[in-house]
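A short write-up of the structure that comes next.
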Amino acid sequence: MQAGELYDLAYSALGDTLTLEPAVATTIAVKHAAKGKALDIGCGQGRDTLFLAESGFDVVGIDISRVGIERLNARVKGKNLKLKTVVGDVRQELLKDEYTLIVCNRVLQDIPQKDSLWMIERMQSKTLPRGVNFIAAYGHGTLETNRLLDEEGHFFGSSELRKLYVGWEILYYSSDMEQIGRATYNPFFTIVAQKPK
């Protein structure tokens, strides 16, 4: 099953039960990034996208799920927000502009390693000086061996994200175990980093 199909099914099955609360790391990133253009990669139904737009950013949200984008568009209808949505593969649509803030929350496990590393390089190169990147990504563990998708994703080592952001100011970093299902846990890493001047 391809990622877009999987997420369309998931969003259809879950309806509006998913949280609209932004990720804690998104709220931290917003405090440090200058208002300007923001990109939410793999925005899903828009929990972070909506928060970014309501915080005064000019936001582009991109996701491979048509259902996720439709739900996001329905939530913002009639609101006076600077928000554009795109249904597409981030590897093809990624980073045509420069941004003060880029969010990539729980996306890289669905993208092959070479593409995810390329994406991080592109995120960094398209971030304006003093701009901020936020990445949340799964580590090596149970999720990696119980794949639902056809292609292999990138699961990170314990210090890999920190190494990829050497030279940036680390504003926030966490390494946790996240529950997947009833008794399965998977390593989960979060980084918020600010680009130097």
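The values are calculated or read from the model by the stated rules, or taken from the named source; none is laboratory data. Nothing here was measured: the structure is a model prediction, and the numbers come from that model. Glycine also receives a Cβ, built like all others from the backbone with ideal geometry; neighbour counts cover every protein chain displayed.
The table below gives the values:
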item: Inter-residue pairs, beta-carbon under 8 Å, first within 13 Å of ILE120 (Cβ to Cβ) and in the range 154-181, second surrounded by fewer than 13 Cβ atoms within 10 Å (Cβ to Cβ) and at pLDDT 95 or above, 6+ apart; result: TRP168/PRO196
item: Among (1) modelled with pLDDT of 95 or more; (2) crowded, with 20+ Cβ neighbours inside 10 Å - the single one GLY139 does not satisfy; result: (1)
item: Top-ranked residue in the range 24-53 [being charged (D, E, K, R) and either in contact (Cβ under 8 Å) with a residue 60 or more places away in the chain or surrounded by fewer than 24 Cβ atoms within 10 Å (Cβ to Cβ) (or both); ranked as farthest from PRO129 (Cα to Cα)]; result: ARG47
item: Leading residue by the ranking (farthest from the chain's Cα centre (by Cα)) among those in the range 54-74 that are without any contact (Cβ under 8 Å) to a residue 24 or more places away in the chain and assigned to a helix (DSSP H, G or I); result: ALA74
item: Count - residues of the range 94-115 that are surrounded by 15 or more Cβ atoms within 10 Å (Cβ to Cβ), at pLDDT below 90 and not hydrophobic (A, V, I, L, M, F, W, C); result: 4
item: The lone exception for ALA34 - which of (1) hydrophobic (A, V, I, L, M, F, W, C); (2) at pLDDT below 95; (3) in a loop (DSSP other than H, G, I, E, B) it fails; result: (2)
item: Some residue of the range 162-172 being at pLDDT below 95 and either under 16 Å from the mean Cα position of the chain (by Cα) or assigned to a strand (DSSP E or B) (or both); result: no
